[in-house]
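A.B. asks: Here it is: the structure, laid out below.
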Amino acid sequence: MGVGVISRPAIGITVNFKRGRSWLPVAYSRSVEAAGGLPLLIPPLEEIPGFLWSRLQGIIFSGGGDISPLSFGQEPLPGLGKVDPGRDKLELALAREALCRDFPLLGICRGMQLLNVAAGGTIVQHLEGPAYLQHLQESPRSYPSHTVTIIPCSRLSVIIGKKSLPVNSFHHQAVEKIATGFCKAAIAPDGVVEALESHCRRFVLGVQWHPETLDHPSSAALFRALVESAG
């Protein structure tokens, strides 16, 4: 049994920081484990140790709070939520190094936005008004609250094998300017970007929803695709 665990691709997962504690919903680890990977949490670090890149085979950038607008050259606007500059600094550095090393990456919710910012894109600081759906839902996390349309011929469409998908939604920020080297892979009915991917890298995919809490085959397929690429 021990040999089997060691042979699994090690997938690092970033965590939330709050009141001197680091934490992560267990659904992330469960999803990686079910996909055949070995989940390893990346704790709060002042610097990224060089040996990290030989220990991990892929990284998931998890959900969480807002990204500071100073990270993408903007001033804070009304509606901006709580930011964590320490987490932003660590994860942006981690993402930029990982992109340079062509590491397999999966960004979830905030994680998708962070990958876009790390590569030079920008974020809508607050979705508000009748032009938008209510993306910040109060529904159970396992409940799909709206649909997304998958872009034909995208990597996401190959992984999921569907033209549309019901997803959950717990965000009030969204991708604005898409970074160079990235392209949209799914959109919401109001035009908000729901997935990003990079065709010039081995595996870089971001989704705006939380697949780790959705119990359907398409969600499991996302984690399998990451683990298979990492392996």
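A.B. asks: For Ser198, which of the numbered conditions (1) more than 17 Å from Ile108 (Cβ to Cβ); (2) out of contact with any Asp or Glu (no Cβ under 9 Å at 6 or more places or on another chain) fails to hold?
C.D. replies: Among (1) more than 17 Å from Ile108 (Cβ to Cβ); (2) out of contact with any Asp or Glu (no Cβ under 9 Å at 6 or more places or on another chain), the lone unmet condition for Ser198 is (1).
A.B. asks: Those residues that are of a type outside the set (A, V, I, L, M, F, W, C) and crowded, with 17+ Cβ neighbours inside 10 Å, I need them from the range 185-195; list them, please. Step through it out loud before you land on a result.
C.D. replies: So in the range 185-195, the residues of a type outside the set (A, V, I, L, M, F, W, C) come out as 189-191, 194.
Of everything in the range 185-195, just one residue is of a type outside the set (A, V, I, L, M, F, W, C) and crowded, with 17+ Cβ neighbours inside 10 Å, namely Glu194.
A.B. asks: Still on this structure, please answer the following. Could you tell me which of the residues Lys184, Lys177 is in contact with a strand residue (DSSP E or B) (Cβ under 7 Å, 6 or more places away or on another chain), within 27 Å of Pro130 (Cα to Cα), among the basic types (Lys, Arg) and in contact (Cβ under 8 Å) with a residue 24 or more places away in the chain? Break it down into steps so the answer makes sense when it comes.
C.D. replies: Working: Lys177 fails: in contact with a strand residue (DSSP E or B) (Cβ under 7 Å, 6 or more places away or on another chain).
Exactly one of Lys184, Lys177 is in contact with a strand residue (DSSP E or B) (Cβ under 7 Å, 6 or more places away or on another chain), within 27 Å of Pro130 (Cα to Cα), among the basic types (Lys, Arg) and in contact (Cβ under 8 Å) with a residue 24 or more places away in the chain, namely Lys184.
A.B. asks: Considering only residues that are assigned to a helix (DSSP H, G or I) and under 19 Å from Gly206 (Cα atoms), which ones fall in the range 52-77?
C.D. replies: First, the residues of the range 52-77 that are assigned to a helix (DSSP H, G or I): 52-55, 69-72.
Once the filter is applied, which keeps residues that are assigned to a helix (DSSP H, G or I) and under 19 Å from Gly206 (Cα atoms), the range 52-77 yields Ser71, Phe72.
A.B. asks: Also, I was wondering about something else. Which ones in the range 90-147 are touching a residue at least 60 places away in the same chain (Cβ under 8 Å), polar (S, T, N, Q) and closer than 24 Å to Cys183 by Cβ?
C.D. replies: The answer is Gln113, Asn116.
A.B. asks: Which members of the range 202-231 meet the condition of being over 13 Å from the mean Cα position of the chain (by Cα) and either assigned to a loop (DSSP other than H, G, I, E, B) or over 17 Å from Pro39 (Cβ atoms) (or both)?
C.D. replies: Answer for the range 202-231, where residues must be over 13 Å from the mean Cα position of the chain (by Cα) and either assigned to a loop (DSSP other than H, G, I, E, B) or over 17 Å from Pro39 (Cβ atoms) (or both): Arg202, Leu214, Asp215, His216, Pro217, Ser218, Ala221, Gly231.
A.B. asks: Right, here's the next one. If only one of Leu114, Leu80, Leu92 is part of a helix (DSSP H, G or I), aliphatic (A, V, I, L, M), at pLDDT 95 or above and under 13 Å from Gly65 (Cα atoms), which one is it?
C.D. replies: Working: Leu80 fails: part of a helix (DSSP H, G or I); Leu92 fails: under 13 Å from Gly65 (Cα atoms).
The unique qualifying residue is Leu114.
A.B. asks: Based on this model, can you work out whether Val227 counts as surrounded by 16 or more Cβ atoms within 10 Å (Cβ to Cβ), closer than 22 Å to Phe72 by Cα and among the β-branched types (Val, Ile, Thr)? Before you say what the answer is, go through the steps one by one.
C.D. replies: Values: surrounded by 16 or more Cβ atoms within 10 Å (Cβ to Cβ): yes; closer than 22 Å to Phe72 by Cα: no; among the β-branched types (Val, Ile, Thr): yes.
Criteria not met by Val227.
A.B. asks: Has the range 176-194 got any residue that is among the aromatic types (Phe, Trp, Tyr) and at pLDDT 95 or above?
C.D. replies: At the first step, the residues of the range 176-194 found to be among the aromatic types (Phe, Trp, Tyr) are 182.
Checking which are at pLDDT 95 or above leaves us with 182.
Yes, there is a match, as at least one residue in the range 176-194 is among the aromatic types (Phe, Trp, Tyr) and at pLDDT 95 or above.
A.B. asks: Give me the pairs, please: first residue somewhere in the range 48-74 and touching a residue at least 12 places away in the same chain (Cβ under 8 Å) and crowded, with 20+ Cβ neighbours inside 10 Å, second residue anywhere and part of a loop (DSSP other than H, G, I, E, B) and among the hydroxyl-bearing types (Ser, Thr, Tyr), beta-carbon distance under 8 Å, and either six or more positions apart or on two chains.
C.D. replies: Phe72/Thr122
A.B. asks: Can you tell me how many residues within the range 198-210 are buried (at least 22 other Cβ atoms within 10 Å of the Cβ) and under 16 Å from Ser157 (Cα atoms)? If you could, list the steps in order and put the result at the bottom.
C.D. replies: Our first condition is that a residue be buried (at least 22 other Cβ atoms within 10 Å of the Cβ); within the range 198-210, this holds for 198, 204-210.
When the remaining residues are screened for being under 16 Å from Ser157 (Cα atoms), the result is 198, 204-209.
Of the residues in that region, 7 qualify.
A.B. asks: Name the single residue, out of those in the range 173-184 being out of contact with any helix residue (DSSP H, G or I) (no Cβ under 7 Å at 6 or more places or on another chain) and among the small types (Gly, Ala, Ser), that is surrounded by the fewest Cβ atoms within 10 Å (Cβ to Cβ). Give the derivation first.
C.D. replies: Narrowing the range 173-184 to residues out of contact with any helix residue (DSSP H, G or I) (no Cβ under 7 Å at 6 or more places or on another chain): 174, 176-177, 180-181, 183-184.
Pick out the ones that are also among the small types (Gly, Ala, Ser) and you get 174, 181.
Working: Ala174: 22, Gly181: 14.
Checked the range 173-184; the qualifying residue surrounded by the fewest Cβ atoms within 10 Å (Cβ to Cβ) is Gly181.
A.B. asks: While we're looking at this one, here's another question. Counting only residues that are among the hydrophobic types (A, V, I, L, M, F, W, C) and in a helix (DSSP H, G or I), which one in the range 148-172 is surrounded by the most Cβ atoms within 10 Å (Cβ to Cβ)?
C.D. replies: Applying the first criterion (among the hydrophobic types (A, V, I, L, M, F, W, C)) to the range 148-172 yields 148, 150-151, 153, 156, 158-160, 165, 167, 170.
After this cut, where a residue has to be in a helix (DSSP H, G or I) as well, the list is 156, 158-160.
Values: Leu156: 27, Val158: 11, Ile159: 20, Ile160: 21.
Only one residue fits best here, namely Leu156.
A.B. asks: In the range 59-91, how many residues are farther than 19 Å from His126 by Cα and over 17 Å from the mean Cα position of the chain (by Cα)? Break it down stepwise before answering.
C.D. replies: Going residue by residue through the range 59-91, those that are farther than 19 Å from His126 by Cα are 59-62, 86-87, 89-91.
Restricting the remaining residues to those that are over 17 Å from the mean Cα position of the chain (by Cα) gives 86.
Result for the range 59-91: 1.
A.B. asks: Exactly one condition in (1) under 25 Å from Lys184 (Cβ atoms); (2) at pLDDT 95 or above is not met by Glu128; state its number.
C.D. replies: Condition (2) is where Glu128 drops out.
A.B. asks: On to the next question. Within the range 86-99, can one find any residue that is closer than 20 Å to Ala195 by Cα and charged (D, E, K, R)?
C.D. replies: yes
The values are calculated or read from the model by the stated rules, or taken from the named source; none is laboratory data. This is a predicted model, so every value here is computed, not measured. FYI the Cβ positions are ideal-geometry reconstructions off the backbone, even for glycines, and counts take in every protein chain you see.
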